[in-house]
Structure formats: C-alpha cells, structure tokens
Amino acid sequence: MNSRETTLARVRAALRDVPARESANPRDYRSCHVADEPTVLLDLLHENLVDYRAHVHRTTPAELPATLARLLAARNARSVVVPAGLDRSWLRDVDSALVSDNATLTAEHLDDIDAVVTGCALAIAETGTIVLDAGPNQGRRALTLVPDHHICVVAADQIVASVPRALPRLDPLRPQTWISGPSATSDIELDRVEGVHGPRTLDVVVVIAPALGESGHHATTT
Amino acid sequence: MSGTYLGMPAFPTAVRASTKDTQLRANLTHATHTIRDKRAKAVAELDDWAQLREAGKDIKDQTLHHLDRYLLQLETQVTAAGGVVHWATDAAEANRIVADLVKAKGETEVVKVKSMATQEIGLNEALAAEGITAYETDLAELIVQLGDDLPSHILVPAIHKNRSEIRDIFIEAMGRWGRPAPDGLSDNPADLAEAARLHLREKFLRAKVAVSGANFMVAETGTLVVVESEGNGRMCLTLPETLISVVGIEKVIPTWQDLGVFLQLLPRSSTAERMNPYTSTWTGTTGGDGPAEFHLVLLDNGRTATLADEVGRQALRCIRCSACLNVCPVYERAGGHAYGSPYPGPIGAILTPQLRGIQSEVDASLPYASSLCGACYEVCPVAIDIPEVLVHLREQVADQGGKGHRLEAAAIRAAGWILGHPAVLAAGERAASKTRKLHPQKSPGPGIGPWTETRDLPEMPAEPFRDWWKKNRSPKEGR
Ligand code: SF4
C-alpha cells in the first residue's frame with residue numbers, strides 16, 4: 001500500500017462508528033448584520049476601513065482622475081504600475097511615470113516602483129475588506145504587494161454587506177487577495193505597526209455615481 | 001534552547017522553571033489579558049455568534065465524519081487545477097517529500113510562512129540536514145529563529161520576548177542570516193519591524209521555493225486559504241516559482257460557502273479583528289500570476305489515530321485561533337514552552353498527547369496541565385470540549401499505569417502541581433460551577449434571549465481568576 005492508500009484506510013478504520021448517512025448542518029447564522037442599504041453599507045465600510053488605518057476618500061466619476069492625481073502627489077510617487085485592464089482615463093491627470101504591467105516586470109522591478117492603482121472585485125462593509133481577484137483592472141497579485149502605496153478604487157455598487165454575501169459573488173478558481181487595512185503586525189509587545197511587508201499605505205477611493213436628477217457637483221473628499 | 005522540542009522536560013518540571021521567570025510571566029500576563037479583552041469586544045459585535053459557533057462545530061464534525069470522501073474530492077480538484085497532491089503518513093515522509101521537491105529545483109534555500117504543521121514535523125531541522133536553509137518570514141517566527149529559540153504561543157510565537165530582547169537578537173543575529181540590522185537600531189517596535197522588512201525583502205525577492213501551511217482547504221473547489229497580517233504570507237505564496245504547502249488532513253472543509261462561517265469565527269477569536277489584514281486564496285496554479293508549480297502535502301502524522309478516538313477526535317476541529325491559550329490560568333503561569341510541542345495551552349494539552357501518544361513522560365503529563373475550569377471551552381469558536389477530552393485522556397494515562405510506574409508517577413506529579421495550588425483549583429472550580437448551566441449544548445431554540453446574554457461568557461471565568469491573581473501576585477510582576 002502506498003501512503004495515499006494507507007492514510008485513506010486509516011481514516012476509514014477510524015470512522016467505523018460513524019453512520020454513513022450525513023446529517024444536515026444548521027445554518028441559522030445571519031447572512032448579514034446590518035441594514036442592507038447603500039448609504040448604510042458605504043458609511044460602515046468607510047468607518048471600518050479607517051478603524052484599520054486605511055485612508056478612505058469619496059469622489060465622483062468626474063472627480064476620480066483629480067483625486068487619484070492628488071493622492072499620488074501627496075506621497076511623492078515618482079512611478080506607478082498600472083494593471084493591463086485598468087481604465088487609463090482614470091490616470092489622465094497623474095504626473096508620475098506610468099509603468100504598464102507586463103510579463104517582463106519582475107518582483108525586483110516592482111520593488112523600484114512607488115505605487116499601484118487598481119480596481120477591485122468587491123468590498124465588504126461589515127469587515128472593512130476589499131477583495132481583489134486578479135481581474136483585468138487589478139492584475140497579478142504581486143502588483144498590490146511589492147510597491148509601498150496601494151490606491152484601490154471601489155465603485156459604490158460593489159459594496160456588499162458581509163462575508164456570507166461576498167462569497168457567492170466570487171469565483172474560487174481565481175486567485176484572491178482579501179485586504180482589510182494595510183499590512184500590520186502586533187508581534188512586538190502587541191504594539192500595532194503598519195507595513196511590515198505589504199504596502200504601508202492603503203488609500204481606498206469610493207466612487208459614488210451622482211443620483212439621477214442631481215447635478216453631480218457634490219464631490220466630497222476626506 | 002536547542003531549537004527542538006524533543007527531550008524537553010515533562011510539564012511539571014518545565015513549569016517549576018518557567019513560573020519563576022518573572023519577565024516571562026509579566027510579558028504573558030500583559031499579552032493574554034490584552035488580547036482576551038479585545039476579543040470579547042469583537043465577538044460581541046456579532047449577535048449570532050452562538051449560531052456561527054454551532055455551524056463551525058457542525059461543519060467540522062461533518063467533514064471529519066466523512067474525511068475520506070472530502071480528501072478524495074480535494075485531491076481531484078487540486079489536480080484538475082494544475083497542482084500535485086502528495087500524501088504523507090508521518091513526519092519523516094513529509095520531510096522527505098519536501099526535501100526532494102526542493103532539491104529537484106536545485107535550490108538550497110526556501111522562504112516559509114508561519115506553519116504549525118511544519119513545526120510539528122520539524123521540517124526546518126530536516127531540511128538543514130539536507131543542506132537546505134529555511135527562512136521563517138513571520139516577524140515573530142523570525143525573532144524566534146534568529147534567537148535560536150522556540151515559539152511559545154500559536155498566534156504570537158514570540159510573546160515571551162519584550163522589545164529590548166528583540167532588539168538585542170536582531171543586532172546579534174541578523175548579520176549571520178543575511179542583511180544585518182541597521183546601525184543604532186532602537187527598541188521602538190516600528191524600527192524593529194522596519195529592520196525585519198529590509199532583512200526579509202532581500203530573501204523574498206530572490207526565493208525560488210516557498211513552503212506554507214494553510215488555514216483551510218476547500219474540497220468542493222480545491223482552494224487553499226491562508227489568513228495572515230503582515231504580507232509575508234502573500235510574499236511566499238505569490239513571488240516564488242514553486243510553492244509547497246504542508247497541511248494536516250483535518251484542515252479540509254466541504255464548500256466555498258463554508259468560508260462564510262470560518263472567516264467570521266477565526267479573525268475575531270484570534271486577533272480580535274473584524275478581519276485580518278490579508279487573506280489569500282488560490283486554486284492550483286494560475287498562468288502568469290503566482291507560482292508555476294504547486295505541491296500540496298497532505299499530512300497524517302497521528303491525525304488518523306486521533307480521529308479513531310470518539311471523544312478525542314473533536315480536537316481535530318481546532319482552527320488554531322489561540323483563544324483558549326489567552327484565557328487559561330495554567331498557560332498564563334507556565335508559558336508556552338512548558339507544553340513541549342508547537343501546540344501549547346489547552347489545545348496543546350489535548351492535541352499533543354493524541355498526535356504523539358501518551359507513552360512518553362511529557363505527553364503523559366499534559367492531560368494534567370489544567371485546572372478544568374472550562375474557560376477554554378467557553379471561548380473556543382468550534383466548541384471543543386477541552387475539559388471533557390482532558391478527563392478522558394487522564395483515564396487513558398491512568399489505565400496504562402500498571403507496570404509503567406514511571407508514567408503514573410509523572411502524571412501524579414503533574415496533578416500534584418495543580419493540587420499543590422489549591423487556590424488555582426478552587427478558582428477553577430468556582431468559575432466552572434458558575435457557568436456550567438450556561439454551557440452551550442445545542443444550537444439555541446426559540447428562547448434566544450438568555451442565550452444572547454451569554455455572548456460575554458468568555459469574560460465570566462476571568463473574574464474569579466483576576467481576583468485571585470490580584471491577591472496572590474506580588475505587585476512588581478503585574479503591569
Ligand atoms: S481549541 Fe478552540 S480556542 Fe483553542 S486554538 Fe483551537 S479553535 Fe481556538
């Protein structure tokens with residue numbers, strides 16, 4: 001018997017007392033813990049992200065390019081890596097050098113780049129989490145890992161309430177990175193320190209489409 | 001400290017030394033109480049915690065009860081997604097598989113993300129014997145490795161070291177392992193973390209092979225999940241060309257949707273966060289993103305023996321959150337090293353003797369490393385009845401006594417430590433009797449009102465202990 005057969009035989013022998021029939025698991029936990037309304041979810045996401053030391057900014061589609069330019073300038077980003085599928089018009093006001101992601105860009109190259117701008121797959125309000133699934137506007141996992149500054153753009157309608165609500169909308173066959181605040185450690189006397197290995201600065205830009213009938217001139221940034 | 005748990009003294013002997021270490025106890029008390037209090041708040045945010053806990057328990061039981069089927073489903077899915085699955089019956093076989101994979105790549109270095117399974121099998125030592133250096137990349141594991149030390153807590157492995165000790169270790173050892181500590185390094189945690197960042201980045205950027213564990217494996221999809229904070233996990237899981245994950249067979253869960261339970265239970269129980277900073281999931285390999293080669297080593301190493309014990313098998317539900325350590329009065333006094341294995345505290349006291357058997361003196365003593373106060377059971381997010389298993393294992397230790405007087409004596413000495421501290425025992429019993437009627441039995445029915453009050457249950461046993469510590473501890477030990 002090889003090790004696979006040995007292990008499986010041991011498992012089966014160990015379970016001789018267990019009836020073959022499976023019992024149904026109770027699933028009476030909540031699928032979410034908040035009122036499932038867009039403004040509630042937006043405010044809760046905002047609050048929870050800030051609580052874990054991400055910087056949150058609200059803007060409109062029209063103001064997005066200016067917001068991104070301002071955030072990159074504020075951290076003196078000389079270079080920005082751009083996922084292949086990102087809407088380039090977002091970056092039209094940016095002064096930093098734009099580096100298009102491509103297969104020849106190694107981790108060493110990324111280490112010399114100051115920032116990255118991406119979209120996301122969705123965001124989870126209750127936990128203050130943004131989820132990346134390597135979609136076209138997010139690119140490879142390394143892009144959001146090696147540069148020290150990550151700006152993630154979230155459309156307000158991408159916000160879901162909870163983890164149980166998020167999972168059915170995500171494809172497990174895609175590699176995913178769930179991000180809740182910047183990299184952090186509490187290993188030294190439980191003092192929280194941001195940015196051990198991942199980006200030290202996480203800017204989350206929530207884009208709120210102006211409601212029908214409104215002028216669209218109410219961009220607010222924090 | 002020799003960097004290995006083998007040959008360590010049995011619990012009561014180890015405890016006699018560690019309880020005299022006032023620095024250790026001060027560090028531990030501060031840390032466990034801080035995490036404990038934060039955790040109670042994080043848990044209280046979810047008014048369905050009791051239902052989540054029940055679901056977590058049932059999903060894990062269901063998986064364990066049909067483990068053969070779920071393992072085969074997992075194997076099929078991982079293989080279909082481009083991964084290679086290996087099976088290892090024991091530590092030696094798992095170490096052999098990993099060493100051969102690294103050598104086949106022509107490499108002599110690997111980077112590692114914190115993994116209890118690889119500590120359990122002594123992978124780093126086994127690789128070293130083959131001329132392969134394994135670099136630990138979790139900050140606390142780095143501290144432990146550079147200090148030629150051993151982890152003492154599941155979540156905060158260097159909990160027994162304070163900032164100035166850590167600075168001294170970095171200054172003394174970093175240069176021998178790679179990039180030296182910066183000149184004039186202070187003991188400010190931010191500066192220490194920065195030194196670790198620089199030291200490790202050099203290793204991440206050149207590593208060709210990484211070794212990880214996993215928090216969960218999803219049978220339905222073949223997806224592996226790693227939960228972490230620092231980003232060292234992401235570095236290991238995505239930058240190298242080859243990824244080898246060594247995972248205990250009990251880490252499988254049936255479906256992707258089941259993560260909705262465990263990704264709520266684990267971060268809140270563990271670091272007291274709504275969600276940990278980084279969670280990575282991957283399914284086999286993805287062209288152009290992450291490792292081109294993925295190997296999964298499924299580890300038995302005593303798990304099937306544990307599964308065969310109808311009372312003891314519940315220990316395999318453990319999701320390694322460490323909540324039970326932080327509420328345990330014995331752990332707080334003894335420190336993690338006294339348990340003689342990578343699994344310290346209450347979970348270690350039941351898991352280690354089951355994985356390794358109860359023949360050795362240290363393993364026979366572990367079921368006695370408890371006051372049976374029940375605090376560990378109250379906080380456990382998958383409702384493992386640790387006191388029940390402890391009593392069950394004590395019976396087994398007693399039964400094997402016979403001619404093996406040595407073992408019996410060890411067990412009695414261990415019991416003697418607790419019995420010789422009547423206040424610990426009394427405090428434990430008091431707390432246990434106060435909460436016993438509130439112990440979760442089944443998922444609460446319609447009468448949910450009283451149940452929701454028990455969300456604060458983890459706090460209840462703490463009161464009598466705190467009173468007791470206050471009265472019995474000399475002031476300079478506290479913080
Ligand atoms: S036994 Fe329960 S409380 Fe302890 S580490 Fe495991 S899951 Fe957490």
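Go through segment A:116-155 and give me each residue that's assigned to a strand (DSSP E or B), polar (S, T, N, Q) and surrounded by 24 or more Cβ atoms within 10 Å (Cβ to Cβ).
A:Thr129
Residue by residue through segment B:226-273, note down the ones that are touching a strand residue (DSSP E or B) at 6+ places or on another chain (Cβ under 9 Å) and of a type in the set (Gly, Ala, Ser).
Within segment B:226-273, B:Ser229, B:Gly231, B:Gly233, B:Ser245, B:Gly248, B:Ser270 meet the criteria.
State the number of residues belonging to segment A:187-198 that are closer than 22 Å to B:His160 by Cα, in a loop (DSSP other than H, G, I, E, B) and either facing another protein chain (nearest Cβ under 7 Å) or touching a helix residue (DSSP H, G or I) at 6+ places or on another chain (Cβ under 6 Å) (or both).
Matching residues across segment A:187-198 total 6.
I'm trying to understand the selection: among the residues of segment B:124-146, which are over 23 Å from B:Leu205 (Cβ atoms) and in contact (Cβ under 8 Å) with a residue 40 or more places away in the chain?
B:Glu125, the sole residue that qualifies.
Look through A:Asp93, A:Asp87 and report the one residue that is of a type in the set (Asp, Glu) and free of Cβ contacts under 8 Å to residues at least 40 places away in the same chain. Full working, then the answer.
Values: A:Asp87 fails: free of Cβ contacts under 8 Å to residues at least 40 places away in the same chain.
Every option except A:Asp93 fails the conditions.
For segment B:383-395, how many residues meet the condition of being within 13 Å of the ligand (Cβ to nearest atom) and surrounded by fewer than 24 Cβ atoms within 10 Å (Cβ to Cβ)?
5
Consider A:Arg4 carefully, then state whether it is surrounded by 13 or more Cβ atoms within 10 Å (Cβ to Cβ) and of a type in the set (Lys, Arg).
Taking the combined requirement at face value, the residue satisfies it.
List the helices (runs of 4 or more DSSP H) that sit entirely inside segment A:1-100 and contain at least 2 residues that are away from every other protein chain (no Cβ under 14 Å) and of a type outside the set (A, V, I, L, M, F, W, C).
Hits in segment A:1-100: A:38-51, A:64-74.
Give the residues of segment B:227-247 that are farther than 26 Å from B:Arg274 by Cα and buried (at least 23 other Cβ atoms within 10 Å of the Cβ), sorted by residue number.
Step one: of segment B:227-247, the residues farther than 26 Å from B:Arg274 by Cα are B:239-246.
Answer for segment B:227-247, where residues must be farther than 26 Å from B:Arg274 by Cα and buried (at least 23 other Cβ atoms within 10 Å of the Cβ): B:Leu239, B:Pro240, B:Leu243, B:Ile244, B:Ser245, B:Val246.
In this structure, does B:Leu185 turn out to be farther than 27 Å from B:Ala323 by Cα and either surrounded by 24 or more Cβ atoms within 10 Å (Cβ to Cβ) or within 8 Å of chain A (Cβ to nearest Cβ) (or both)?
Details: farther than 27 Å from B:Ala323 by Cα: yes; either surrounded by 24 or more Cβ atoms within 10 Å (Cβ to Cβ) or within 8 Å of chain A (Cβ to nearest Cβ) (or both): no.
Spelling it out, it is not the case that B:Leu185 is farther than 27 Å from B:Ala323 by Cα and either surrounded by 24 or more Cβ atoms within 10 Å (Cβ to Cβ) or within 8 Å of chain A (Cβ to nearest Cβ) (or both).
List pairs: first in segment B:379-398 and away from chain A (no Cβ under 14 Å) and closer than 17 Å to B:Glu310 by Cβ, second small (Gly, Ala, Ser) and more than 12 Å from the ligand (Cβ to nearest atom), Cβ under 6 Å, 6+ apart or cross-chain?
Sorted first by the residue in segment B:379-398, then by its partner, the pairs are B:Pro387/B:Gly374; B:Val389/B:Gly312; B:Leu390/B:Ser370.
Restricting to segment B:194-226, name every residue that is within 9 Å of another protein chain (Cβ to nearest Cβ), surrounded by 24 or more Cβ atoms within 10 Å (Cβ to Cβ) and in contact with a Ser or Thr (Cβ under 6 Å, 6 or more places away or on another chain).
B:Leu200, B:Gly222, B:Thr223
From the set of residues in segment B:269-304 that are among the charged types (D, E, K, R), more than 18 Å from the chain's Cα centre (by Cα) and at the interface with chain A (Cβ under 8 Å from one of its Cβ atoms), which is nearest to the ligand (Cβ to nearest atom)? Don't jump to the end; show me each part of the working.
Step one: of segment B:269-304, the residues among the charged types (D, E, K, R) are B:273-274, B:289, B:293, B:300, B:303.
Of the ones still in play, those that are also more than 18 Å from the chain's Cα centre (by Cα) are B:274, B:289, B:293.
Add one more test, that the residue is at the interface with chain A (Cβ under 8 Å from one of its Cβ atoms), and what stays is B:274, B:289.
Numbers: B:Arg274: 18, B:Asp289: 32 Å.
Result: B:Arg274.
Look through segment B:342-370, keep the residues that are hydroxyl-bearing (Ser, Thr, Tyr) and more than 10 Å from the ligand (Cβ to nearest atom), and return whichever of them is farthest from B:Ile159 (Cα to Cα).
Applying the filter and picking the extreme gives B:Ser360.
For residues that are free of Cβ contacts under 8 Å to residues at least 40 places away in the same chain and assigned to a helix (DSSP H, G or I), scanning just segment B:46-68, find the one that is nearest to B:Cys380 (Cα to Cα).
B:Asp58
From the list B:Leu266, B:Leu307, exactly one residue is more than 30 Å from A:Ala84 (Cβ to Cβ), more than 10 Å from every other protein chain (Cβ to nearest Cβ) and out of contact with any Phe, Trp or Tyr (no Cβ under 6 Å at 6 or more places or on another chain). Which is it?
Of B:Leu266, B:Leu307, the one residue that is more than 30 Å from A:Ala84 (Cβ to Cβ), more than 10 Å from every other protein chain (Cβ to nearest Cβ) and out of contact with any Phe, Trp or Tyr (no Cβ under 6 Å at 6 or more places or on another chain) is B:Leu266.
Would you be able to tell me the number of residues in segment A:16-39 that are surrounded by fewer than 14 Cβ atoms within 10 Å (Cβ to Cβ) and hydrophobic (A, V, I, L, M, F, W, C)?
Number satisfying all stated conditions: 3.
If you take the residues of segment A:167-186 that are in a loop (DSSP other than H, G, I, E, B), surrounded by 20 or more Cβ atoms within 10 Å (Cβ to Cβ) and at pLDDT 90 or above, which of them is farthest from the chain's Cα centre (by Cα)?
Here the residue is A:Pro172.
State yes or no: is B:Thr285 touching a strand residue (DSSP E or B) at 6+ places or on another chain (Cβ under 9 Å), among the hydroxyl-bearing types (Ser, Thr, Tyr) and surrounded by fewer than 24 Cβ atoms within 10 Å (Cβ to Cβ)?
Yes; evaluated as a whole, the condition is true for this residue.
In segment B:308-319, how many residues are within 16 Å of the ligand (Cβ to nearest atom) and touching a helix residue (DSSP H, G or I) at 6+ places or on another chain (Cβ under 6 Å)?
8
The values are calculated or read from the model by the stated rules, or taken from the named source; none is laboratory data. Note that this is a predicted model, so its numbers are computed, not measured. Neighbour counts run over all protein chains shown; Cβ positions are idealised from the backbone, glycine included.
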